[in-house]
Amino acid sequence: MPTRSETNAKALELRRRFEQAGATLVEPPLLQPAETLLDLYGEDIRGRAYVTSDALRGEQMLRPDFTVPVVQMHMAEGAEPARYTYAGEVFRRQEDHPDRPNEYVQVGYEVFDRTNPAVADAGVFALMEQALSPYDVTPMTGDIGLLKAAVVGLDTSDARRAALMRHIWRPKKFRALLDRFAGKTPMSDARAVLLAATDPFAEVSAFGGKRSTSEIEQRIAALKADTKTPPFDDDALRGIDQLLAISAVLPEALKQLHDLSRDMPSITVAIAGLKARMDALQSHGVQVDSLMFETSYGRTSMEYYDGFVFGFYAQQHADMPAIATGGRYDALTQRLGDGQTIPAVGGVLRPGLMLELETRP
Amino acid sequence: MTIKLGVPSKGRLMEKTFEWFADRGVVLSRTGSDREYAGRVDGVADVSLVLLSAGEVPRELAEGRLHLGVTGTDLIREKLPLWGQQVASIHEMGFGHADLILAVPQSWVDVDTLEDLDAVAAQFRATHNHRLRIATKYHRLVRDALRDAGVADYALVDSQGATEGTVANETAEAIADITSSGETLRANHLKILSDALILQSQATLWHSQTAPMTANEAAALDALLAKLG
């Protein structure tokens, strides 16, 4: 294992590289207000981050990543376009994986630029790839925007589309919803009784709590309306399955997506974006003919990425986490920016893992 | 040296544990005054009794300061993420039964399953601008169960007691707690979700996988375990 000072020296070298590429150095605090992160990521972050508190400031989190504080910093005082770099520790609880470090160094590069997303995506990826060129690592890419576009294009109710969109990053739940909306899951007895009842509250002896009776009535009305929504046809389900199964080198994946778009016109714009990104990657010298692309990549581990996603892996060492990860997170900037959006893309390197690769056989 | 057996220091759990051991010819007793947490073991050699809170038994077993300990499955699973490597279950003791469940107000007639809870969490957050709050002291178990079921837009709020009252007091919308008969839930106008039995717990005798033992102590442990059957 590399020492802390070796890792810090490597981190500094990588950070300088990003500074030379035009990025401004930022140094967000180690302690982050827990409320923002909890509001953004939900309860899961509490299982993964260290929470501490004092009587005055309340709950604080030991920085679980840099992205959120960098976005906040940019939103508060940044000029556009902007690019930032940073290097420092992040902290993750590893209660289920005692062999993984709970503190490690990340070096990141983030771009806020609304002129040309494809070019910004390619620029970030190429910079990461160049920094990793001495290492035997293999990139993987994906694009969450394709699945989002497919959901938007589904011929169904707004409520069903919204439910699917909400669970795009939870593949198991997403699948369960698809099955339900396809009529494959029978209605429970309790639900049937509820929908048939003339007075659903007949057996309720007490009302209370913050959720009002009118909210309950609204949901019952929504459930009744949903029973009138026709189930997905087999073609729609097959289309989603085919989309999620695409795994090929980028030019071949694009071809398969084009074929699929004949039955799924809603993904056409996202495909054009993917093509533009491929061209931009090529002009940055990236070997796109061997670059792997998977439609379902990045759905489980990277919840705030909503477009381009990538990672670099040491395939010789399957036990190692990704050496670098990144992607586009436009929706995150919208959530943090009170409605105003700034298209953003970035990535992080893990210098500790890079040094480990240098010494491993 | 002796092997250390940790037993809950109070109430029904202590009495039932004493009975369970006595039925197997091992007599545990408190010594000194009622308020003094000291005890003795008769019927088997080289075993000493440690009386402590049931909630501390998991940590003491994991740290190897107890060789054996009696506590609920719920506490072991909540407090020890790697419990499978740190402790082994020797006997389920047949008392102290409690189910960790999720309950919502009885008036939520539209909520019967975790899938409903997830849908309502989305509606609740959009309406009230904060996440649906679930009061519990079993943070890890509840979070894992909800993640597995794909429930989003909720927040856990810590409640170390009188959890059933949090809904009426509007400090939470739902609760996750242990229940044996469900009577307290009913009295507080709460109902159990039909698919949210997170864990079935009972008093269990655990064996620490980390406590060091001399040859003597290992022999004492074998003798005790043989007696317990």
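The values are calculated or read from the model by the stated rules, or taken from the named source; none is laboratory data. Since the structure is predicted, the reported quantities are computational estimates derived from the model, not experimental observations. When we count neighbours, we look across all protein chains shown, and the Cβ atoms used for this are built from the backbone with ideal geometry, even at glycine.
Here are some notes:
- Residues that are more than 22 Å from B:Thr210 (Cβ to Cβ) and assigned to a loop (DSSP other than H, G, I, E, B), drawn from the range B:31-50: B:Gly32, B:Ser33, B:Asp34, B:Arg35, B:Glu36, B:Tyr37, B:Gly43, B:Val44, B:Ala45
- Tallying residues that are small (Gly, Ala, Ser) and in a strand (DSSP E or B) within the range B:10-30 yields 1.
- If only residues of the range B:155-173 that are more than 13 Å from B:Val104 (Cα to Cα) and facing chain A (nearest Cβ under 7 Å) are counted, the one that is surrounded by the most Cβ atoms within 10 Å (Cβ to Cβ) is B:Leu156.
- In the range A:299-326, residue modelled with the highest pLDDT [restricted to those that are crowded, with 16+ Cβ neighbours inside 10 Å and farther than 17 Å from A:Val137 by Cβ]: A:Phe308
- Consider the range A:34-62 and keep the residues that are within 22 Å of B:Leu132 (Cα to Cα) and in contact with a Ser or Thr (Cβ under 9 Å, 6 or more places away or on another chain). The one that is farthest from the other protein chains (Cβ to nearest Cβ) is A:Gln60.
- B:Arg77 falls short on exactly one of the conditions (1) crowded, with 20+ Cβ neighbours inside 10 Å; (2) closer than 24 Å to B:Leu141 by Cα; (3) out of contact with any Phe, Trp or Tyr (no Cβ under 8 Å at 6 or more places or on another chain); (4) touching a residue at least 60 places away in the same chain (Cβ under 8 Å), and that condition is (3).
- Residue within the range B:89-109 that is of a type in the set (S, T, N, Q), away from chain A (no Cβ under 11 Å) and touching a residue at least 12 places away in the same chain (Cβ under 8 Å) present: yes
- Taken over the range B:120-139, the criterion of being in contact (Cβ under 8 Å) with a residue 40 or more places away in the chain and either on the phi > 0 side of the Ramachandran plot or more than 7 Å from chain A (Cβ to nearest Cβ) (or both) is satisfied by B:Leu132, B:Arg133, B:Ile134, B:Ala135, B:Thr136, B:Lys137, B:Tyr138, B:His139.
- Criterion violated by B:Thr210 - all others in (1) part of a loop (DSSP other than H, G, I, E, B); (2) in contact with a Pro (Cβ under 8 Å, 6 or more places away or on another chain) satisfied: (2)
- Scanning the range A:141-180 for residues that are part of a helix (DSSP H, G or I), within 9 Å of chain B (Cβ to nearest Cβ) and either within 17 Å of A:Leu237 (Cα to Cα) or out of contact with any helix residue (DSSP H, G or I) (no Cβ under 7 Å at 6 or more places or on another chain) (or both) yields A:Ala162, A:Ala163, A:Lys172, A:Lys173, A:Phe174, A:Ala176, A:Leu177, A:Arg180.
- When A:Ala82, A:Ala49, A:Ala55 are screened for being in contact with a His (Cβ under 8 Å, 6 or more places away or on another chain) and in the same structural domain as A:Gly108 (by TED's automatic domain parsing), only A:Ala82 passes.
- Of residues in the range A:1-24 being assigned to a loop (DSSP other than H, G, I, E, B) and closer than 23 Å to A:Arg100 by Cα, the one modelled with the lowest pLDDT: A:Met1
Table: residues versus (1) crowded, with 18+ Cβ neighbours inside 10 Å; (2) touching a residue at least 40 places away in the same chain (Cβ under 8 Å).
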| position | (1), (2) |
| --- | --- |
| A:Asp179 | no, no |
| A:Ser188 | no, no |
| A:Gly209 | yes, no |
| A:Thr213 | no, no |
| A:Ala225 | no, yes |
| A:Phe232 | yes, yes |
| A:Leu243 | yes, yes |
| A:Pro251 | no, no |
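- Where helices (runs of 4 or more DSSP H) fall wholly inside the range A:196-261, the ranges with 2 or more residues that are within 30 Å of A:Glu294 (Cβ to Cβ) and more than 8 Å from every other protein chain (Cβ to nearest Cβ) are A:234-245, A:250-261.
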